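> Just passing along the structure, written as structure tokens.
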Amino acid sequence: MIKKPTVQTILDAKAAGNAKPAYFSPAGPLIGRTRVPGDKSISHRALILSSLAIGKSEISGLLEGEDVLATAAALRAMGAKIEQKDNLWTVHGVGVGGLMQPETAIDLGNSGTSVRLLMGLVASHDISVTFLGDASLSKRPMGRVIDPLTAMGADFTARITADDQACLPLTVRGLCPAVPLEYRLPVASAQVKSAILLAGLNTPGITRVIEPVPTRDHSETMLKGFGADISVEIDGQDNRIISLVGEAELEPQNITVPGDPSSAAFPVVAALLVPGSDIVVENIGINDTRAGLFTVLQEMGGDIRFENRRTVGGEPVADIHVKHSKLKGIDVPAGIAPSMIDEFPILFVAAALAEGQTITSGLSELRVKESDRLSQMAEGLIMLGADVSENADGLTINGSGGKPLRAQTDGAMIKTALDHRIAMSFAIAGLVSETGVSVDDMSPTETSFPGFSDMLAALQSSTR
């Protein structure tokens, strides 16, 4: 039996430069049923809110990837008791306002969600916390979270880059009691929204977030489930107004985390592109604020059906049945971007094999993810012979009409830039290539999809 690596083992391997290059090539159709790890967004929030409840919460189906394990380690450092046995996680919370001063700086590895949500959590507690990250996370700007939390009274000291961006290492000194805030999001961001709401939990009065463009609503759903006094209204301009009454008392919960739609995107697109494929990806969250990719793929001609629809823990869930399809290029509406922002890298692969032109826009957010995902995907797809033009906020791709991708240079290797979604996207590209695709490092997939390569191999082996 292979022992599962711990988050520290993974971090140590990265520090030692132990990249995991891999080669992906066509190996026949994908057939059968599979599951993907638990939803990353829900997993982070389940751990955080359970740590703020008074009493014992139990979480099943939690994503046990590096990012979520980093959140768990951070919450332990601030006083929560978090234990794991088999597939069940038990959390004994400290109560809202009960976080303790950690003894050392907290290293969050590659997890942007962890650092941004925890910044909000700390902002209204009387503690001081320093957050560290790996080389990739340390390049990501934190200003859009710092600005509203500063208005609530928190104080920040961050590393300032040459282009005047506030980045990690970063120290948050919280204020208790903090100042309630009404904040209109200048850019659609579930992480910024959630950071403000988490700060509002321990803030007297009403904290209000105004969303001109809806983003994933897991924080609102889960806060309500834990007993917070939170409401969502739509005003005359179609803004979502989220109001949270502070100094909350959260009640412990038993939570079942559905499969992550962002992870399901990879086998779904693979099945659409590889001739003869017919798969079912089981138990996937299909929240409207997360399901944009599936809508776009259906509009491109993808044979995608949702079966066994049900509700689990307040979240809509279904099994996704996918068959190989001939895709056509479309103009992807910019307004759908928040509901599929993490899925654009794999959509670009689908577009490269589609018939006709696919145009995307409104994606400037992709330039400040784990990597500059627009540049990384454009560079890699061009290396594989795709017709791609990079714009300021999107890519325009003239598809091959199903003709396999082919590396333009012998021995060419895709650079992942420590980005898990870049790595997995080009792994799928390898399945629909003429000569295979080499990827420089698959180790980042441990952040969100442990067992990714094994999952692909299992679906392929069923036809051998």
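> Name the pairs whose Cβ atoms lie under 9 Å apart, with the first residue in region 225-246 and basic (Lys, Arg), the second buried (at least 17 other Cβ atoms within 10 Å of the Cβ) and part of a strand (DSSP E or B), and 6 or more positions between them or separate chains?
ARG240/VAL209; ARG240/GLU211
> Right, next: Looking at (1) surrounded by 21 or more Cβ atoms within 10 Å (Cβ to Cβ); (2) over 30 Å from PHE306 (Cα atoms); (3) free of Cβ contacts under 8 Å to residues at least 60 places away in the same chain, which is the only condition ASN391 fails?
(1)
> Confirm whether ASP134 is within 20 Å of VAL115 (Cβ to Cβ), of a type in the set (Asp, Glu) and at pLDDT below 95.
Yes.
> Name the one entry in PHE131, PHE156 that is more than 24 Å from the chain's Cα centre (by Cα), in a strand (DSSP E or B) and not acidic (Asp, Glu).
Matching residue, one of PHE131, PHE156: PHE156.
> Let me ask something additional. Of all residues being closer than 18 Å to VAL179 by Cα and among the polar types (S, T, N, Q) in region 115-152, which is surrounded by the most Cβ atoms within 10 Å (Cβ to Cβ)? Just the residue, please.
Residue satisfying both the conditions and the ranking: SER124.
> I've got another one for you. Does any residue of region 328-338 turn out to be crowded, with 21+ Cβ neighbours inside 10 Å, in the same structural domain as ALA265 (by TED's automatic domain parsing) and among the aliphatic types (A, V, I, L, M)?
Checked region 328-338: at least one residue is crowded, with 21+ Cβ neighbours inside 10 Å, in the same structural domain as ALA265 (by TED's automatic domain parsing) and among the aliphatic types (A, V, I, L, M).
> Follow-up. From the list ALA199, ALA188, pick out the single residue that is part of a loop (DSSP other than H, G, I, E, B) and crowded, with 19+ Cβ neighbours inside 10 Å.
Working: ALA199 fails: part of a loop (DSSP other than H, G, I, E, B).
Result: ALA188 is the single residue among ALA199, ALA188 that is part of a loop (DSSP other than H, G, I, E, B) and crowded, with 19+ Cβ neighbours inside 10 Å.
> List every residue pair whose Cβ atoms sit under 6 Å apart, with the two residues 6 or more apart in sequence or on different chains, where the first one lies in region 69-86 and is without any contact (Cβ under 8 Å) to a residue 12 or more places away in the chain and closer than 18 Å to GLY120 by Cβ and the second, anywhere, is of a type outside the set (Gly, Ala, Ser) and part of a strand (DSSP E or B).
none
> Next up: Do you know which residues across region 213-241 are assigned to a loop (DSSP other than H, G, I, E, B) and either on the phi > 0 side of the Ramachandran plot or of a type in the set (A, V, I, L, M, F, W, C) (or both)? Lay out the reasoning, then the answer.
If we filter region 213-241 for residues that are assigned to a loop (DSSP other than H, G, I, E, B), which is where we start, we get 213-217, 226-229, 235-239.
Answer for region 213-241, where residues must be assigned to a loop (DSSP other than H, G, I, E, B) and either on the phi > 0 side of the Ramachandran plot or of a type in the set (A, V, I, L, M, F, W, C) (or both): VAL213, PHE226, GLY227, ALA228, ASP238.
> For GLY314, state whether it is under 28 Å from VAL187 (Cα atoms) and surrounded by fewer than 24 Cβ atoms within 10 Å (Cβ to Cβ).
yes
> Need pairs with beta-carbon distance below 7 Å; first residue more than 13 Å from ASP217 (Cβ to Cβ) and within region 284-301, second polar (S, T, N, Q); sequence gap 6+ or separate chains.
Final answer for the pair search is GLY292/SER339; GLY301/SER325.
> Among the residues of region 19-36, is there at least one that is touching a residue at least 24 places away in the same chain (Cβ under 8 Å) and under 15 Å from THR256 (Cα atoms)?
yes
> Also, I was wondering about something else. Just to verify a result, which residue in region 211-269, among those that are closer than 20 Å to ILE341 by Cβ and among the basic types (Lys, Arg), is surrounded by the fewest Cβ atoms within 10 Å (Cβ to Cβ)?
Looking at residues that are closer than 20 Å to ILE341 by Cβ and among the basic types (Lys, Arg), I get ARG240.
> Something else about it: Checking the condition crowded, with 16+ Cβ neighbours inside 10 Å and over 15 Å from the mean Cα position of the chain (by Cα), which residue from LEU88, LEU75, LEU69 passes?
Step by step, each of LEU88, LEU75, LEU69 is checked, and only LEU75 is crowded, with 16+ Cβ neighbours inside 10 Å and over 15 Å from the mean Cα position of the chain (by Cα).
> Suppose we filter GLY112, GLY93 for residues that are crowded, with 24+ Cβ neighbours inside 10 Å, at negative phi and touching a residue at least 40 places away in the same chain (Cβ under 8 Å); which single one remains?
Working: GLY112 fails: crowded, with 24+ Cβ neighbours inside 10 Å.
On inspection, the qualifying residue turns out to be GLY93.
> Given the criteria in a helix (DSSP H, G or I), out of contact with any His (no Cβ under 8 Å at 6 or more places or on another chain) and assigned by TED's automatic domain parsing to the domain that holds HIS44, does ILE210 qualify?
no
> Okay, moving on. If you go through region 302-311 one residue at a time, how many are in contact (Cβ under 8 Å) with a residue 24 or more places away in the chain and either closer than 15 Å to SER262 by Cβ or surrounded by fewer than 15 Cβ atoms within 10 Å (Cβ to Cβ) (or both)?
1
> Continuing with this model, one more query. Within region 144-153, is there a residue that is part of a helix (DSSP H, G or I) and touching a strand residue (DSSP E or B) at 6+ places or on another chain (Cβ under 6 Å)?
Within region 144-153 (the criterion being part of a helix (DSSP H, G or I) and touching a strand residue (DSSP E or B) at 6+ places or on another chain (Cβ under 6 Å)), the answer is yes, since at least one residue qualifies.
> Another question about this same structure. Hey, does region 338-361 have a residue that's part of a loop (DSSP other than H, G, I, E, B), touching a strand residue (DSSP E or B) at 6+ places or on another chain (Cβ under 8 Å) and within 29 Å of SER138 (Cα to Cα)?
yes
The values are calculated or read from the model by the stated rules, or taken from the named source; none is laboratory data. These numbers come from a predicted model, not from an experiment. As a convention, Cβ positions derive from the backbone with ideal geometry for all residues, glycine included, and neighbour counts pool all protein chains shown.
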